[in-house]
Amino acid sequence: MDKILSLCKRRGFIFQSSEIYGGLANTWDYGPLGAELKRNVKNLWWKSVIQERMDMVGLDCAILMHPQVWKASGHVDGFTDPLVDCKECKSRYRTDHLTATPDPNIKICPSCNSKIDLRVSVPRLFNLMMKTSLGPVEDAGSITYLRPETAQGIFVNFLNILDTTRKKLPFGVAQIGKAFRNEITPGNSTFRTREFEQMEIEYFVKPEEDERWYKSWIEERFNWYINYGIKKENLRIRPHEKDELAHYAKACSDIEYNFPFGWSELEGIANRADFDLKQHEQFSGKEMLYFDSQENKKIRPHIIEPSGGVDRATLAFLVDAYHEEKVKEETRVVLKFSKELAPIKAAILPLLKNRPQLVGVAKDIAEDLMKDIRVVYDDTAAIGKLYRRQDEVGTLYCVTVDVQSLEDSKVTVRDRDTMLQERVEISGLKEYLLDKLKSE
Ligand code: ATP
């Protein structure tokens, strides 16, 4: 993990937030390459859950919502984590993050390994929602929250979506957006932060079809990670135990990734039954029902919720892409991103930067390609170093312009993974690259 994080810093994937002021703990910024990677993750998710499906639509809701939303959803009363302080080292932990022992009352502090007796250090409940105040006067009436999940925006728009899209069951609504939680123990870089991005789907089904759709979404979402490069052996599905289930959930399974710090959740898929629509119906007084024209009656749909984290998915793709290879006694570090995820598809490199003619040809090529393909131009080092740099950030192809290019109008294209080189006509280069970049 340290190696990957140092690469992320060195090459501009992830920076600490407000670094020149000493940094803000557990808060991160995505650098130029991280921003590209994260955007690709979001676009691929949007493509697979909306663009490629007739039964899905997208949504983009405000972060701020009516405070009643959070009463109806159960977050004001119940979005709490039990918090325990270690008496020895003063570390603060979520009770379920302490190391278990055979005695359920005794846990071990992960920081200092001392015993924590839960009968003595009784866990306190801590609400994770971040409060803020709207308007110039800060009083009880102005308090609202930064949303702790994007899902509620979808539930409260259920009737708007029905009215405007005329969708028939089963159908789903998806959105990507920021969420905020005052986590007790953030950490492991972008894995657990207090500000993060979610990609969530609420899939509305006839009550009797919920189990079928629950299974189908688990499979669909599991395969999405595999399709874009995660190795199958590093991914698993973990169904929740009965005592782990949230009170509203009929069933829930996590998709977990084998991070260097252990198996951890990337995404949860829950069968929420009709809990959410029922709650909002009660609190808003609006009937949250769907008219089933076949059966000629109103029903309250059940909901399957695949809820993933953009930052966690991005981190997992980064970790899985990291490879070290021995090449002629040297270690080559390469991020083997899938074609779709690679932040940069091709780098255009002149072999000699002090030959204006070479530089001119290389820049012309880059300018032509950048209209259709995400490419960069780089002439700031010798070619060996430029290759290493591009390998380290997962660039798929390096296009080198050399002296010969001025005579035969061809360039050398080097493949990131095989390192094989091919001479390609400049006039056919764009087509060549576009063809290579096509998804299989
Ligand atoms: P955890 O048990 O790890 O706290 P959770 O089960 O509370 O997560 P959900 O409420 O199901 O998480 O949120 C859905 C998804 O949002 C998670 O699978 C994760 O990818 C992402 N997510 C949740 N909390 C965070 C966080 N603090 N930082 C980054 N991503 C998060």
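The values are calculated or read from the model by the stated rules, or taken from the named source; none is laboratory data. In this text the structure is predicted, and so the values were computed from the model without any measurement. All Cβ positions, glycine included, derive from the backbone under ideal geometry; neighbour counts span all protein chains shown.
Among the residues of the stretch 279-298, is any modelled with pLDDT of 95 or more and at positive phi?
Yes, some residue in the stretch 279-298 is modelled with pLDDT of 95 or more and at positive phi.
Which condition number does residue 175 fail, the rest of (1) polar (S, T, N, Q); (2) away from the ligand (no atom under 11 Å from the Cβ); (3) more than 16 Å from the chain's Cα centre (by Cα) being met?
Of the numbered conditions (1) polar (S, T, N, Q); (2) away from the ligand (no atom under 11 Å from the Cβ); (3) more than 16 Å from the chain's Cα centre (by Cα), the odd one out for residue 175 is (3).
Any idea which residue in the stretch 273-288 is farthest from the ligand (Cβ to nearest atom), counting only those that are surrounded by 17 or more Cβ atoms within 10 Å (Cβ to Cβ) and without any contact (Cβ under 8 Å) to a residue 60 or more places away in the chain?
281
Filter the stretch 199-229 for residues that are hydrophobic (A, V, I, L, M, F, W, C), within 16 Å of the ligand (Cβ to nearest atom) and in a helix (DSSP H, G or I) and give the result.
217, 218, 222, 224 - these are the residues of the stretch 199-229 that are hydrophobic (A, V, I, L, M, F, W, C), within 16 Å of the ligand (Cβ to nearest atom) and in a helix (DSSP H, G or I).
Tell me, which residue of the stretch 230-239 that is free of Cβ contacts under 8 Å to residues at least 40 places away in the same chain and in a helix (DSSP H, G or I) is surrounded by the most Cβ atoms within 10 Å (Cβ to Cβ)?
In this case the residue turns out to be 232.
Just checking, does the stretch 178-188 include any residue being under 30 Å from residue 290 (Cα atoms), in contact with a strand residue (DSSP E or B) (Cβ under 8 Å, 6 or more places away or on another chain) and in a strand (DSSP E or B)?
yes
Hey, among 412, 395, which residue is outside any helix (DSSP H, G or I) and over 23 Å from residue 321 (Cβ atoms)?
It is 412.
Does residue 196 count as surrounded by 18 or more Cβ atoms within 10 Å (Cβ to Cβ), in a strand (DSSP E or B) and either within 16 Å of the ligand (Cβ to nearest atom) or not assigned by TED's automatic domain parsing to the domain that holds residue 98 (or both)?
yes
Got at least one residue in the stretch 61-70 being more than 30 Å from residue 188 (Cβ to Cβ) and touching a strand residue (DSSP E or B) at 6+ places or on another chain (Cβ under 7 Å)?
yes
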